[in-house]
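> Following this message is one structure expressed as structure tokens.
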Amino acid sequence: MKKFLVIALAAFCGPAMAHEMSPTYVEFGPSYVDNVLKTDIEIFNRREDVNYYQIEVYDKDWKSISFVADTKIVNLKYLEKKTVDVYIKSNDKDRAVYVCTLSRFIKEDVTKTNVSSRICSKVK
């Protein structure tokens, strides 16, 4: 009976698809501007149904931290990869805990079956 349940679950469950972001642990270092730190993240789109990803920076309580990036919404075609520079103020270095990317849908393309994915890297 257990074997039947495992086989049935495997047959009905499709593959879980999400985008990828690296590095796993980001490290903010000096930038060319005083009192501003920089890191870069690489985003790889493995989802055919998504073309946009939003960048976010959070503290330990998941409260948003202000940041600047090349663009806060990244347009990525399927199987495309991009590197984005992310900048924070030096005095926010100890507050920043996560740098995340969140899949975003165009309003006209949203259906009940769309699933959003969020991937986060922890700040060293």
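> Would you check if there is a residue in the stretch 100-120 being more than 19 Å from the chain's Cα centre (by Cα), modelled with pLDDT of 90 or more and either closer than 25 Å to D34 by Cβ or not hydrophobic (A, V, I, L, M, F, W, C) (or both)?
No, every residue in the stretch 100-120 fails to be more than 19 Å from the chain's Cα centre (by Cα), modelled with pLDDT of 90 or more and either closer than 25 Å to D34 by Cβ or not hydrophobic (A, V, I, L, M, F, W, C) (or both).
> Let me ask something else about it. Out of all the residues in the stretch 78-91, is one or more in a loop (DSSP other than H, G, I, E, B) and within 16 Å of I119 (Cα to Cα)?
Our first condition is that a residue be in a loop (DSSP other than H, G, I, E, B); within the stretch 78-91, this holds for 78-80.
Filter once more, keeping what is within 16 Å of I119 (Cα to Cα): none.
So far as the stretch 78-91 goes, no, none of its residues is in a loop (DSSP other than H, G, I, E, B) and within 16 Å of I119 (Cα to Cα).
> Taking the options E56, E48, name whichever one is in a loop (DSSP other than H, G, I, E, B) and either within 19 Å of E20 (Cα to Cα) or over 16 Å from the mean Cα position of the chain (by Cα) (or both). Full working, then the answer.
On the way: E56 fails: in a loop (DSSP other than H, G, I, E, B).
Every option except E48 fails the conditions.
> Just need a number here: residues in the stretch 1-37 that are more than 19 Å from T83 (Cβ to Cβ), outside any loop (DSSP other than H, G, I, E, B), modelled with pLDDT of 50 or more and among the hydrophobic types (A, V, I, L, M, F, W, C).
Matching residues across the stretch 1-37 total 0.
> In the stretch 49-106, how many are in contact with an Asp or Glu (Cβ under 8 Å, 6 or more places away or on another chain), of a type in the set (D, E, K, R) and surrounded by 15 or more Cβ atoms within 10 Å (Cβ to Cβ)?
2
> Taking the options Y78, Y53, Y98, Y58, name whichever one is more than 25 Å from F28 (Cα to Cα), hydroxyl-bearing (S, T, Y) and in contact (Cβ under 8 Å) with a residue 12 or more places away in the chain.
Working: Y53 fails: more than 25 Å from F28 (Cα to Cα); Y98 fails: more than 25 Å from F28 (Cα to Cα); Y58 fails: more than 25 Å from F28 (Cα to Cα).
On inspection, the qualifying residue turns out to be Y78.
The values are calculated or read from the model by the stated rules, or taken from the named source; none is laboratory data. Because the structure is predicted, anything quoted here is derived from the model rather than measured. We place every Cβ from the backbone using ideal geometry, glycine too, and count neighbours over all the protein chains shown.
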